[in-house]
1. So what's the Cα pair-distance distribution over the range 16-119, bin width 5 Å, in %?
2. Using modelled amide H (1.01 Å from N, peptide plane; none on Pro or chain starts), what sits under 5 Å from the amide H of I158, excluding residues fewer than 5 places away?
3. Can you give me the convex hull volume of the Cα atoms of the range 90-164, divided per residue and expressed in Å³?
4. Counting heavy atoms of the protein chains only and a 1.4 Å probe, report the per residue accessible area for the chain as a whole number of Å².
5. Could you sort 216-228, 129-141, 84-96 so that the peptide with the highest average Cβ count within 10 Å comes first and the rest follow in order?
6. Per the 1.4 Å probe, what fraction of the accessible area of the range 132-294, in percent, lies on carbon and sulfur atoms?
7. Quick one: Cα convex hull volume of the chain, Å³ per residue?
8. Could you derive backbone 3J(HN,Hα) for the range 77-91 from the dihedral phi with the Karplus parameters 6.51, -1.76 and 1.60 (θ = phi - 60°), listing whole Hz in sequence and x where the residue is Gly or Pro?
Amino acid sequence: MEKDIYILGIESSCDETAASVVKNGRIVLSNVINSQIKIHEKFGGVVPEIASRNHVDAISYVVKKAIKEANINIENIDAVSCTYGPGLVGALLVGVSYAKAFCYASNKPLIPINHIEGHISANYISNNDLIPPFLCLVISGGHTHLVYVKDYNEYEIIGKTRDDAIGEAFDKVARVIGLGYPGGPKVDKLAKEGKEQIDLPKSHFDNGNELDFSFSGIKTAVINLYHKNPNINKADLCASFEKVVTEELLNNTIKATKKLKIDKIALAGGVSANSYIRSKFLELRNNGYEIYYPNLEFCTDNAAMIAVAGYYCMCSKIKQNLGTNFNYDELNSKMNNIKENLELNAVPNLKIGERI
Ligand code: KG4
Ligand code: ZN
């Protein structure tokens, strides 16, 4: 490589203000996250207006800290990537506006990134050997998708939830049984002390895409069961809930690998931090599957994943412009193919693979 490429990533789609500097697409030099969990905890969930205000307060400090910790200067940054959707519009706008101002003032290109594609890209940080194509199971607070990652910047959704995201189900179950917010990590911890012995319903579809998911039925079943039996063993309930939802994730993922004739599976998103889900997917290695997931710190929202996605998005744009003559070694001299992108706006309901 003729020169190292440094991307500054900025993330503000929900309740984390984050900035990170990543070198050559996979080496994380800094990863600063200002979490608002403590602020939203007392409301039992994220309050959008409060989130936006706190992003405004934090963003400048967080970006400066990320550049400082990376031990580089602003001049060394080759491009800035920021999340522009999906997410809370007011929260997204803070990161997008900051990134635009930063790029305008320092004359750097701006690369818009889809938050979910960022989650998928977090896998490249921890797994140097992972290259597309692969199947990615995206399981987060707002999304549950099976995504066919055809290339670094080419995605196809092949299955998705018909109702709640899996993270929503974890959070709701935790809230109802009194574990607090955010519920996922608390259910994960308590489930370790329980037995998977409570019978809970599995989702079942008679029509449509067999790779789709549904989590509202199991969520309601757990809540009703708890309301009818407030003395039920909560640890057993958590363990049984995890078992049923993990079976659904595994079944659909395996079906998808057979359909696509692919044996490389990656997990992504906040719920991929779940220890039970990780261990059950790891068992698939015994059946010849390659299993990848991000390190725990890169499962939940962060900006390193946005910088990584920015790097590969930039590469594929340059590749498109140059046709087949693209060579990663020439990346730096081809950077002028990337525009400033100062017209960028937040797109709260942006879809995977959509380019706006
Ligand atoms: O990816 P993420 O940080 O934000 C979104 O893009 O949605 O995911 C947050 C979700 C929350 O629902 C949280 O409860 C869940 O990830 N989560 C977990 C665990 N850690 C975070 N769910 C289950 N087990 C965990 N260990
Ligand atoms: Zn996320």
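1. 2, 12, 21, 26, 21, 10, 5, 2, 0
2. Result for I158 returns L146, V147, Y148.
3. Working: hull volume 8.9 nm³, N = 75.
Value for the range 90-164: 119 Å³ per residue.
4. That works out to 44 Å² per residue.
5. Details: 216-228: 16.3, 129-141: 20.5, 84-96: 23.7.
Going from most to least packed, we get 84-96, 129-141, 216-228.
6. Working: 3390 of 7260 Å².
Roughly 47 percent, rounded to a whole number.
7. 137 Å³
8. Result, rounded to whole Hz: 6, 8, 7, 10, 10, 9, 6, 10, x, x, x, 7, 4, x, 5.
The values are calculated or read from the model by the stated rules, or taken from the named source; none is laboratory data. Please read these numbers as outputs of a predicted model, since none were measured by experiment. Virtual Cβ from ideal backbone geometry, glycine too; neighbours counted across all protein chains shown. Keep in mind that these areas ignore ligands, DNA and RNA; they rest on the heavy atoms of the full protein, side chains included. Shrake-Rupley method; radii C 1.70, N 1.55, O 1.52, S 1.80 Å.
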